[in-house]
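As structure tokens, the structure follows; a few thoughts come after it.
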Amino acid sequence: MLKMLVVGMVTKQPEHKVSAKGLAYLKFQVEVPQGQGNWPKRVYVTVFGKQADNLATRLNSNDLVSLSGEPQARGYKDKLNEARGMLELVAEQVTVLAEGARATQRNEPVRMPEAAIMQENTFNPSDDLPF
């Protein structure tokens, strides 16, 4: 099994949903900087189960996160019907490193909270997948 570690900034407010079979999941995007002069890479992230429920109440846009899990490459057609590819991470471990959105809304410096590692993984590949 291939594992991937990503550290980046949440770019959009996460979407918390429940599948037709009752499995909770959270979808969001993370931008990973690639160095000076290069465009950041975008990683699409899905978290399942209780971890998705827990993160839904505390994860926001502009939060700095560390993620690990199984990467998946997926294809899709864009608005012009051209084939495109994307990188998706089914996250097994998520750590919020800095709460950017809440701190910047109050005009306070970004603080580094104690890392709250959520390791419970209730995802089963045979479960109903939302994509």
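Any read-out appearing in this document is the output of simple, stated calculations on the displayed coordinates, not a laboratory observation. Remember, it's a predicted structure, so these values are computed and weren't measured experimentally. Here the Cβ is made from the backbone with ideal geometry for all residues, glycine too, and neighbour counts use every protein chain on show.
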Residue pairs, from the table LYS3/LYS41; LYS50/LYS79; LYS3/LYS79; LYS12/LYS79; LYS12/LYS77, whose Cα atoms sit over 26 Å apart:
LYS50/LYS79; LYS3/LYS79
Multiply the residue separation of ARG74 and LYS3 by 0.36 nm, subtract the distance between their alpha-carbon atoms, and state the gained length in nm to one decimal.
23.9 nm
Just the Cα atoms of segment 4-105: what Rg and Dmax do they give in Å?
14.2, 45
Stretched out fully, how many nm does the piece from ARG84 to ASN38 gain, at 0.36 nm a residue minus the Cα gap?
14.6 nm
Listed with the fewest Cβ neighbours within 10 Å leading, PHE28, PHE48 appear as PHE48, PHE28
So if each residue of separation counts as 0.36 nm, and I subtract the Cα-Cα distance between GLN29 and LYS17, what length gain in nm does that give?
2.8 nm
How many angstrom lie between the C-alpha centres of segment 74-92 and segment 1-47?
13
Return the sequence-ordered ³J(HN,Hα) values of segment 12-20 in whole Hz as given by the Karplus equation 6.51 cos²θ - 1.76 cosθ + 1.60 applied to θ = phi - 60°, using x for Gly and Pro.
10, 4, x, 9, 9, 9, 10, 6, 4
